[in-house]
Amino acid sequence: MRILKVWIWLACLVAPSFASSMEFQVRDDLVPRLNQLEYIYPPTSPRDYSDVRPPAFSGSNFAGDNGYDAVFYLSGLIEKGDAERFIKFHTDRRYYSQKIVLNSPGGNFLEALKIGAYLKEQQDPMAGDPYAWEFAVLDGDRCLSACALILAMGGSIEGPRIESGAEVGFHMGILPERQAQSTANVRDIMNLTYDIVYEYTQLIEDGLLSPLLLRESLKHRTAKSFYFLHAGMRSWQMGFQPVAKPKNAPTINLVGLDQGAIFRICSAWSYASYDKLSASTQRGIEHFGDYEPRLPQAATRMKDIFDTLGTDLITRKLPDAQFDVITCSVSRNKNGLVSVAIFDPNLLGVEVPPPTCKGSRRMQGWCASSPTPTYPLNVPLLADSLGCSGGVFLKKTPTDLQNWTPDWAEMPSTRTGVAKREVNIRPTPGLGDTPTGTLAAGATAKIEDCAITNDRQGVFFRIRSGSQSGWVSARFILEDSGLMYPVTH
């Protein structure tokens, strides 16, 4: 109870002033745009996998005037009295299917708390209202401060959607700058209170959203300091649903895809799933061990494995020396597009049995697989596994050395790798420009940056090797450390 009182007191504080004011609109013109969006990351259970990524929103051609479906667009600064205004606005416009789209810099936390509580109450199945609710922040929009509180509270039941290119920022309730300056001890008192609440959050293990989200938000206590979430793996771990237009999350082609890249993808996916499903582990498991094979096995083309085994669906155990229980399956279709799946009995129990080998033929641990569902491998998943989550270049050093890094580990300050085979160096990321040279097979390179591209390669590294520098396809680079960088940022 004491924690709850402190939390409510903090939520009642207001954020700094912004120029615009909050508006509530019915925006049925957004329905076609919402219906284009697809989930980036797979469902929690393999039983729900399919060869086609499912739509992120329930499809509808209805307009709001027919009483069935509507898109409510909430934008601008959240000010005193907005909760009452919104409740009246919404009460007069109730529909069977409701999509709430948010675009706000934040504002009054008390009003946001009231709006969030109202939206959450409306979705209570015991209330008897069969409304379908879906919440989103769209590409180019931002939902910060008090707005993020509305998104988390209102959208927690179904998982709020964050479109690629959108930004959600969390921090704690703060006083207006002029009031904080005129009250000498306010900052010290608030910081002390935050620290107390922060310690208590370590005892919180369950909830509609990740305990880690609250813990991270508590670290940000000024108007310009936020814990940001984008359409990446970290958001997915915390219960949000990253979404994108198909062109922004294309399915990976088999061309140039090797065993090393697949191992990283399955490892990253496995650990992110564990973090997502096990709230009690979220404080520590933010990184994963390096299960990637070394050269020359890492450079083995997946196409060669498929062709040698004479099948379009293969499987193997991840070479985890400690457990050896995680199964990675990969499939290809007639167009050369790739789908993957991971099966971990520690997470799934007997709900979905892992695939088994058909016959005795093997190639580097892979075998022809029994029928099993897989999920389309898209560029964002590849980028996460290569340390380029959301197009952001991730550093090698973990954020929590004490909780994760073994005593014997020495974390390098830079990322380096070796070319698995000869690869073109280009002046810009992507396949559009003519190569300026090649990086020889086995050559060592320093990895300086990354970028996501909408071509069949998907992710590029900016490298420097001797006198050469430029951009190369990231899937051709094998990082040479025995430890991997964080899955998320």
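Conditions tested, residue by residue: (1) assigned to a strand (DSSP E or B); (2) out of contact with any Pro (no Cβ under 8 Å at 6 or more places or on another chain); (3) within 15 Å of residue 29 (Cα to Cα); (4) modelled with pLDDT under 85.
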| position | (1), (2), (3), (4) |
| --- | --- |
| 52 | no, no, no, yes |
| 61 | no, yes, yes, yes |
| 71 | yes, yes, yes, no |
| 84 | no, yes, no, no |
| 93 | no, yes, no, yes |
| 113 | no, yes, no, yes |
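Which of the residues belonging to segment 95-111 are of a type in the set (Gly, Ala, Ser) and at pLDDT 85 or above? Of everything in segment 95-111, those that are of a type in the set (Gly, Ala, Ser) and at pLDDT 85 or above turn out to be 104, 106, 107. Among the residues of segment 445-468, those identified as out of contact with any strand residue (DSSP E or B) (no Cβ under 7 Å at 6 or more places or on another chain) and free of Cβ contacts under 8 Å to residues at least 24 places away in the same chain are 466, 467. Taken over segment 231-264, the criterion of being modelled with pLDDT of 85 or more and aliphatic (A, V, I, L, M) is satisfied by 231, 243, 244, 249, 252, 254, 257, 261, 262. Can you tell me which residue within segment 13-45, out of those that are surrounded by 16 or more Cβ atoms within 10 Å (Cβ to Cβ) and within 18 Å of the chain's Cα centre (by Cα), is modelled with the lowest pLDDT? Within segment 13-45, the match that is modelled with the lowest pLDDT is 42.
The values are calculated or read from the model by the stated rules, or taken from the named source; none is laboratory data. Remember, it's a predicted structure, so these values are computed and weren't measured experimentally. Positions of Cβ are backbone-derived with ideal geometry, glycine not excepted, and every protein chain shown enters the neighbour counts.
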